[in-house]
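The values are calculated or read from the model by the stated rules, or taken from the named source; none is laboratory data. A quick note: this is a predicted structure, and the numbers were derived from the prediction, not measured. Backbone-built Cβ (ideal geometry, glycine too); neighbour counts: all protein chains shown.
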Amino acid sequence: MLDHDVVVAGAGPAGLSAALALAKLGLRTAIVERQPIESFAEPKVDGRDIALTGRSRQILTDLGVWQWFDAADISPITTARVVDGERPGILQFDPPPARQDALGYLVSNHLIRRGLYQVAAARPEISFLAGQKVTDVRSDAATAAALLDSGELVRGGLLVAADSRFSEIREMMGIKADMTPFGKTMLVFHMTHERPHQQTAYECFNYGHTLALLPLNGLRSSIVMTVPTRQAQSFIDMSDEALAAVVMARFRHRFGQMAVEGKRFAYPLTGVYAREFVGRRFALIGDAAVGMHPVTAHGFNFGLLGQAILVDVIRQTLEEGGDIGSDQALAQFATRHRRATRPLYLATNALVRLYTNDSPPARLARTALLAAANHFAPAKRLIVSRLGEPGDDALPIA
Ligand SMILES: Cc1cc2nc3c(=O)[nH]c(=O)nc-3n(C[C@H](O)[C@H](O)[C@H](O)COP(=O)(O)OP(=O)(O)OC[C@H]3O[C@@H](n4cnc5c(N)ncnc54)[C@H](O)[C@@H]3O)c2cc1C
């Protein structure tokens with residue numbers, strides 16, 4: 001008899017949501033996290049406001065986490081606009097009629113993490129092993145095990161790694177990943193402004209940098225600026241007034257007087273796609289499986305989707321009286337996960353290349369792309385449905 005049915009490594013948002021979904025199936029789950037318990041019980045503000053799709057909202061509702069958020073902490077995005085350089089041409093996305101009230105919903109990352117932990121901590125099926133790092137992993141025909149730096153061996157029928165895009169456990173399992181260092185850094189910070197954003201998200205490509213405004217409730221926004229990594233420090237060192245002036249000019253004073261609020265956070269960007277999602281009694285989820293460029297806001301949405309696909313496969317396997325760590329079950333997960341994530345991973349990287357390249361051919365190509373997309377309803381519908389569809393064939397939601 002094993003101590004746990006499943007061992008999850010990493011108590012980031014992907015690991016916590018997987019542990020919760022497994023607990024809901026009645027599986028005894030150990031979650032190992034190298035950081036001390038306070039870091040995920042009371043996570044600090046990290047500047048990230050996560051755009052969640054309608055499908056992610058549904059998954060978080062099923063996990064009992066969405067209900068935990070204060071309504072005031074959920075900012076709907078009802079429209080999205082893409083603005084290209086100096087040109088007036090704008091690509092606009094409105095919400096799909098009658099399906100949902102918004103294109104997406106913004107919730108701060110620390111609140112998502114806190115909500116996931118609070119709900120998970122109340123589940124008797126979940127054991128937290130905090131402040132303990134996984135230093136080695138092994139698996140055989142019957143068991144998967146994680147060796148912790150305390151010397152303890154934690155064993156289960158399946159080991160799930162959600163230990164970030166630079167996953168050491170992925171390496172320990174001998175799984176390679178395609179890494180794309182973008183040479184860019186993402187700066188995130190909040191701003192207040194005079195004129196309303198009407199809950200519209202703006203993505204603005206000009207001056208060799210990209211700039212997004214994500215509408216928080218009230219006269220506030222989350223600003224996301226992508227700059228070449230070598231220039232990032234100069235934006236971090238800039239005075240609040242100088243930074244506000246840069247943003248106001250880029251948005252052509254559309255929002256009136258703007259002011260920087262609070263701290264700035266910097267995230268260097270690397271895209272990651274694991275070559276395999278599974279090994280013997282082993283599965284990868286979250287950024288450890290697919291680490292997206294944040295521009296299309298799919299990172300945690302894919303983390304939620306990946307764990308939901310894995311848990312759906314496990315549920316089916318249990319119903320059929322099978323083994324949750326079997327090669328057959330894991331192969332099903334891998335196929336469905338790849339099908340759900342690969343096209344958008346490749347499309348996002350292509351978009352990033354196009355929009356962060358200021359050469360004349362790239363400018364021409366993206367102007368043509370925007371013009372075409374704006375007049376080609378099926379393309380727009382596809383993009384909007386990817387943003388907001390509550391489920392697809394990859395994931396039947398109960
Ligand atoms: C600026 C920015 C904006 C973003 N915006 C969006 C957005 O709008 N929408 C969206 O969907 N996504 C967005 N994302 C992506 C999203 O934040 C990530 O996809 C998500 O946080 C990844 O969660 P995770 O649990 O997979 O990994 P992580 O949050 O990296 O967690 C991994 C955990 O594993 C632990 N760990 C690592 N190694 C070990 C070990 N050996 N033993 C034990 N524990 C270990 C770590 O301590 C950590 O707690 C954004 C990201 C950035 C940087």
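Regarding the range 297-311, can at least one residue be identified that is assigned to a loop (DSSP other than H, G, I, E, B) and crowded, with 18+ Cβ neighbours inside 10 Å?
Checked against the condition, which is being assigned to a loop (DSSP other than H, G, I, E, B) and crowded, with 18+ Cβ neighbours inside 10 Å, the range 297-311 yields at least one hit.
For the condition of a type outside the set (Gly, Ala, Ser) and near the ligand (Cβ under 7 Å from one of its atoms), what is the one hit in 50, 59, 37?
The unique qualifying residue is 50.
If residue 283 satisfies all but one of (1) surrounded by fewer than 18 Cβ atoms within 10 Å (Cβ to Cβ); (2) of a type in the set (A, V, I, L, M, F, W, C); (3) not in a helix (DSSP H, G or I), what's the number of the condition it fails?
It fails just one condition, (1).
Could you figure out which of (1) surrounded by 18 or more Cβ atoms within 10 Å (Cβ to Cβ); (2) modelled with pLDDT under 95; (3) in contact with a Pro (Cβ under 7 Å, 6 or more places away or on another chain) isn't true of residue 101?
(1)
Is it fair to say residue 178 is more than 10 Å from the ligand (Cβ to nearest atom), surrounded by fewer than 18 Cβ atoms within 10 Å (Cβ to Cβ) and not aromatic (Phe, Trp, Tyr)?
Yes: the conditions hold for residue 178.
So which residues in the range 67-87 are touching a Phe, Trp or Tyr at 6+ places or on another chain (Cβ under 9 Å), outside any loop (DSSP other than H, G, I, E, B) and within 16 Å of the ligand (Cβ to nearest atom)?
Result: 75, 76, 77, 80, 82.
Quick one: what pairs do we get from the range 34-57, first residue closer than 14 Å to residue 73 by Cα and part of a strand (DSSP E or B), second within 8 Å of the ligand (Cβ to nearest atom) and of a type in the set (Val, Ile, Thr), C-beta under 8 Å, 6+ apart or different chains?
Going by the 8 Å Cβ cut-off, the qualifying pairs are 49/188.
Given the range 177-254, what strands (runs of 3 or more DSSP E) lie entirely inside it while holding 2 or more residues that are more than 19 Å from the chain's Cα centre (by Cα), modelled with pLDDT of 95 or more and not basic (Lys, Arg)?
So the answer is 177-193.
Regarding the range 19-34, can at least one residue be identified that is at positive phi, loosely packed, with under 15 Cβ neighbours inside 10 Å and modelled with pLDDT of 95 or more?
yes
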